[in-house]
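Novice: What follows is a single structure, and I will ask about it in a moment.
The values are calculated or read from the model by the stated rules, or taken from the named source; none is laboratory data. A quick note: this is a predicted structure, and the numbers were derived from the prediction, not measured. With ideal geometry, Cβ positions are generated from the backbone for all residues, glycine too; neighbour counts draw on all protein chains shown. Quick note on the areas: whole protein, heavy atoms, side chains included, nothing else; ligands and nucleic acids left out. Shrake-Rupley method; radii C 1.70, N 1.55, O 1.52, S 1.80 Å.
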Amino acid sequence: MRRIHVGNALSAFGLGFTVPYLYVYVAQVRGLGAMTAGLVLAVFAVAALVVLPFAGRAIVRRGPLPVLLAALVTAALGSLSLGLAGSAVSVLLAAAALGAGQAVMQPALATMIVDCSTAETRSRAFATQFFLQNLGLGVGGLIGGHLVDATSVSSFTLLFAIEAAMFLLLVVVMSTVRMPRAPRIEGAPGAVGSTKGSWKQLLQNRAMVQLCVLGFVLFFACYGQFESGLSAYGVEAAGVSTSALGTALAANTAMIVVAQFAVLKFVERRRRSRVIAAVGLIWAVAWVAAAYAGLGHGSQEMATAAFVSTYALFGLGEAMLSPTVAPLVADLAPEGMAGQYNSAFALVKQLALAVGPAVGGPMGAALHGPYVVTFLLFSLGITYLAVRLGRQLTAVQDQPWLGRSRVVAQGTASAAGSSRAHA
């Protein structure tokens, strides 16, 4: 598990190291123009949408570790090629490889966490993953920003070479992992059966389908707005400066880093569906704060403070979701299908992150009132969908601590299983 967490931190570090500077690199440093730079960012999303349906099947058949290693090598080649690419075609092909590799890392690492954890430790494991991801993104972006020079191609080549080296280092680290077979929670639908009709079986799982719908709304209404609609709204409607926008993003990360483990203690003994419902209400308050920032008649200082508070409240909700949603996906998956379910949920996330900026960006820049009202309603919709999802979950899925004794009993069914369960 320690190696897996190192993997999460390093992969997030690599992402934060380069992605914030892709637009500047392609459009200005390589002189390929704004349109090509926009296409590069779009290729990241398209590559993820193309590979994720196949990634889940590969994880089920081959296991998460070989798929992760292949994804890391692909991302390393894509990153190195991106640093050396000089034409539009080569840049787009390199971006596709990097985007595909990074997309597949997510469900592979999540499945490894599932396989190396029990129902008792899973929430804490995913909370640690989320904490390290945000820390890696922040540190990577900070260091990357000090290395790049918009007048020097070689500084960006060095940046992408370091990222490629990070991925290859991660290949070495993850190659030493020996995966156990984790005990399962009783009561998951379809826990016994074939994994052949994987997508059909997943779509027949009503709780998983409802969770995917809920996940789409979560990512669309929050994550899909951070760097598009909400930032545009802050600049255009609230009149915040670029430095204040940076402060808001820092407040979001700081809230996650500071609150993650305190929040974990609070949510561990609560119903998962109720925790997600509470996040919807917290985000509704965040949108009310955003409304005051852009539509109120207070001073500029008050508007800026309200806008920064919006990002901080989003961070609090994210900290509550990290030990809740990902473990729930794992517990809904039949035995041997965690990779498929993680990939399906990652696919939903990518769809939301592709649609969110496309819808929220223009609205946040021009339709200030309708933008806030729309996403306030989406946040309240999260609460409704979470309560509805709770009716589809078994008692153990919604309250995992109820099944701890049964998980231990199931894990000690054999001598080998016993040693792995206690480990």
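Novice: Have a look at 47, 58 and point out the one that is hydrophobic (A, V, I, L, M, F, W, C) and either within 19 Å of residue 133 (Cβ to Cβ) or open to solvent by 30 Å² or more (accessible area, probe 1.4 Å) (or both).
Specialist: Result: 58 is the single residue among 47, 58 that is hydrophobic (A, V, I, L, M, F, W, C) and either within 19 Å of residue 133 (Cβ to Cβ) or open to solvent by 30 Å² or more (accessible area, probe 1.4 Å) (or both).
Novice: Picking from 1, 35, which residue would you name as being touching a Cys at 6+ places or on another chain (Cβ under 9 Å) and open to solvent by 10 Å² or more (accessible area, probe 1.4 Å)?
Specialist: 1
Novice: From the list 334, 357, 327, which residue is more than 24 Å from residue 288 (Cβ to Cβ) and within 17 Å of the chain's Cα centre (by Cα)?
Specialist: 327
Novice: Please find, among 171, 114, the residue that is touching a helix residue (DSSP H, G or I) at 6+ places or on another chain (Cβ under 7 Å), under 24 Å from residue 55 (Cα atoms) and open to solvent by 10 Å² or more (accessible area, probe 1.4 Å).
Specialist: Exactly one of 171, 114 is touching a helix residue (DSSP H, G or I) at 6+ places or on another chain (Cβ under 7 Å), under 24 Å from residue 55 (Cα atoms) and open to solvent by 10 Å² or more (accessible area, probe 1.4 Å), namely 171.
Novice: Only one of (1) open to solvent by 30 Å² or more (accessible area, probe 1.4 Å); (2) under 18 Å from the mean Cα position of the chain (by Cα); (3) hydrophobic (A, V, I, L, M, F, W, C); (4) within 26 Å of residue 116 (Cβ to Cβ) fails for residue 351. Which number is that?
Specialist: In the conditions (1) open to solvent by 30 Å² or more (accessible area, probe 1.4 Å); (2) under 18 Å from the mean Cα position of the chain (by Cα); (3) hydrophobic (A, V, I, L, M, F, W, C); (4) within 26 Å of residue 116 (Cβ to Cβ), residue 351 misses (4) alone.
Novice: So, in region 105-157, exactly how many residues are closer than 18 Å to residue 79 by Cα and assigned to a helix (DSSP H, G or I)?
Specialist: Count: 15.
Novice: Restricting attention to region 299-328, which residues are of a type in the set (S, T, N, Q) and open to solvent by less than 10 Å² (accessible area, probe 1.4 Å)?
Specialist: 310, 324, listed by residue number.
Novice: Here's a follow-up. Out of 307, 266, report the one residue that is of a type outside the set (Lys, Arg) and more than 20 Å from residue 240 (Cα to Cα).
Specialist: Sole residue among the options that is of a type outside the set (Lys, Arg) and more than 20 Å from residue 240 (Cα to Cα): 266.
Novice: Could you say whether any residue in region 139-154 is surrounded by 21 or more Cβ atoms within 10 Å (Cβ to Cβ), closer than 24 Å to residue 31 by Cα, over 20 Å from the mean Cα position of the chain (by Cα) and without any contact (Cβ under 8 Å) to a residue 24 or more places away in the chain?
Specialist: So far as region 139-154 goes, no, none of its residues is surrounded by 21 or more Cβ atoms within 10 Å (Cβ to Cβ), closer than 24 Å to residue 31 by Cα, over 20 Å from the mean Cα position of the chain (by Cα) and without any contact (Cβ under 8 Å) to a residue 24 or more places away in the chain.
Novice: Let me ask something else about it. Scan (1) buried (at least 24 other Cβ atoms within 10 Å of the Cβ); (2) within 19 Å of the chain's Cα centre (by Cα); (3) not small (Gly, Ala, Ser) for the single condition residue 82 breaks and write down its number.
Specialist: (2)
Novice: Let me ask something else about it. Does residue 104 fit the bill of being buried (at least 22 other Cβ atoms within 10 Å of the Cβ), β-branched (Val, Ile, Thr) and under 18 Å from residue 24 (Cβ atoms)?
Specialist: Answer is no for this residue.
Novice: Mind checking whether some residue in region 213-227 is over 28 Å from residue 391 (Cα atoms), open to solvent by 10 Å² or more (accessible area, probe 1.4 Å) and not in a helix (DSSP H, G or I)?
Specialist: Yes, because at least one residue in region 213-227 is over 28 Å from residue 391 (Cα atoms), open to solvent by 10 Å² or more (accessible area, probe 1.4 Å) and not in a helix (DSSP H, G or I).
Novice: Right, here's the next one. Can we say residue 352 is of a type in the set (A, V, I, L, M, F, W, C), assigned to a helix (DSSP H, G or I) and at pLDDT 80 or above?
Specialist: Here the answer is yes, as residue 352 does meet what is asked.
Novice: Can you spot a residue in region 378-400 that is in contact with a helix residue (DSSP H, G or I) (Cβ under 9 Å, 6 or more places away or on another chain), under 15 Å from residue 230 (Cα atoms) and at pLDDT 90 or above?
Specialist: Within region 378-400 (the criterion being in contact with a helix residue (DSSP H, G or I) (Cβ under 9 Å, 6 or more places away or on another chain), under 15 Å from residue 230 (Cα atoms) and at pLDDT 90 or above), the answer is yes, since at least one residue qualifies.
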